[in-house]
Amino acid sequence: QLETWAEQLSEETMRMEEALIQRPSLVKKLGLPNKVLKTVGRLSNYERNRNIRLMRFDFHPTTDGWAVSEVNSDVPGGLAEASVLPVLSGRYFNGHKPRKHVAQSLLQAFAETVGEKGTIAFVHATSYSDDRQVMEFLSDYFQAKGYQTVFAAPDHIVWKNHRAVCILEGKEGPIEGIARFFPLEWLTSLPRKSGWKGYFDCKTPSCNHPAAILTQSKRLPLVWDQLGVDIPAWKKLLPETKDPRLVKLQDNDWIYKPALG
């Protein structure tokens, strides 16, 4: 059931992203950094089927059944744990096995988008060891399947005709795919000469494309009913609560007061 809901929520989330790209006036209500807002126009050529989408939904068991609190839409973590821990747990539960493997699903998505060989740039904050371990895990998995990989900081990538090219010493050359584990909001703090805006309109298949930032905001429910998008799973699974820090929106939806600004 959780898997079915996650698939439904994922589809609805991507539909909202596509709608928001066409409604810049609504994007302004999401509380995104000004530098991001000024660059959103570059998303106009975004094509979902040419990119890879990865997101994580936080489900919680409640007295009224399962509920979802948020989607980690931009750069979700926990990828190694989600791939390895179910395999380990299976040893202690006879007759049970993991439903899916996150790294395998991600590899399959890249294979369908960029082909079965090529160079994948794992873009991350290279000085953060906890981020690096996630990239090492995925890189090992991809290399075992015949891909070349590059560990890159965001400014190790430049753009030629909107295509990604690595300038890292010893790893120079075109990039067939990007796996970004560097929050989009952090990109805006890089110098302009780094070319960070190129991520917004790049033609190199990416996971995740910067379009993901549009549904990362906790203010998203404020614009739901103005998007013209049917999102029954989101409206069913967002919990009701009497928490005084929350205010009620339409259709029994709730949002934290701090998100209202």
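Here is how the numbers come out for the structure above:
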item: Area of His156 that stays accessible when all protein chains are in place (1.4 Å probe, Å², to 10); result: 50
item: Accessible-area ranking of Ser89, Ser139, largest first, probe 1.4 Å; result: Ser89, Ser139
item: For region 109-138 and region 28-82, distance of Cα centres in Å; result: 19
item: Residues Asn49 and Thr4, FRET efficiency given R0 of 22 Å [Cβ-Cβ distance, rounded to 0.05]; result: 0.50
item: Percent accessible area from carbon and sulfur atoms, region 1-134, protein chains only, probe 1.4 Å; result: 49
item: Kirkwood hydrodynamic radius over Cα pairs of region 18-68, then Stokes diffusion coefficient at 10 °C and 1.306 mPa s, in µm²/s; result: 115
item: Over 31 Å between alpha carbons, listed pairs Lys197/Lys218; Lys38/Lys218; Lys203/Lys236; Lys117/Lys160; Lys145/Lys235; result: Lys203/Lys236; Lys145/Lys235
item: Whole-Hz ³J(HN,Hα) from phi, Karplus 6.51 cos²θ - 1.76 cosθ + 1.60, for region 127-141, glycine and proline x; result: 8, 9, 5, 5, 6, 5, 5, 5, 5, 4, 4, 5, 4, 4, 5
item: Cα-based reach from Lys193 at 15 Å (exclusive), listing aspartates and glutamates while leaving out same-chain residues under 8 positions away; result: Asp155
item: Share of Cα-Cα pairs in region 63-146 lying beyond 19 Å, as whole percent; result: 53
item: Sparsely packed GluC sites (Glu not before Pro) within region 45-102, loop by DSSP, other Cβ within 10 Å at most 15; result: Glu47
item: GluC sites (Glu not before Pro) lying in DSSP loop within region 90-137, provided at most 14 other Cβ fall within 10 Å; result: Glu116
item: Over region 98-161, equivalent-ellipsoid semi-axes from the Cα gyration tensor in Å; result: 20, 17, 9
item: Where Rh is the Kirkwood radius over Cα pairs, Rg/Rh for region 122-245; result: 1.07
item: Given the chain, longest segment not containing exposed loop chymotrypsin sites (Phe, Trp or Tyr not before Pro) (DSSP; at most 15 other Cβ within 10 Å); result: 129-261
item: Per principal axis, descending, Cα span of region 171-211 in whole Å; result: 25, 23, 17
item: With all protein chains modelled, accessible area of Val84 [1.4 Å, Å²]; result: 60
item: Over the chain - Rg/Rh using Cα atoms and the Kirkwood inverse-distance radius; result: 0.97
item: Neighbour-limited loop hits for trypsin sites (Lys or Arg not before Pro), region 1-100 (at most 12 other Cβ within 10 Å; DSSP other than H, G, I, E, B); result: Lys38, Arg91, Arg99, Lys100
item: Relative contact order for the chain, counting Cα pairs under 8 Å that sit 6 or more residues apart, in percent; result: 25
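The values are calculated or read from the model by the stated rules, or taken from the named source; none is laboratory data. Nothing here was measured: the structure is a model prediction, and the numbers come from that model. Reconstructed Cβ throughout: ideal geometry from the backbone, glycine too, with neighbour counts over all protein chains shown. For the accessible areas, the whole protein counts, side chains as well, though only heavy atoms, and no ligand, DNA or RNA atoms are used. Shrake-Rupley method; radii C 1.70, N 1.55, O 1.52, S 1.80 Å.
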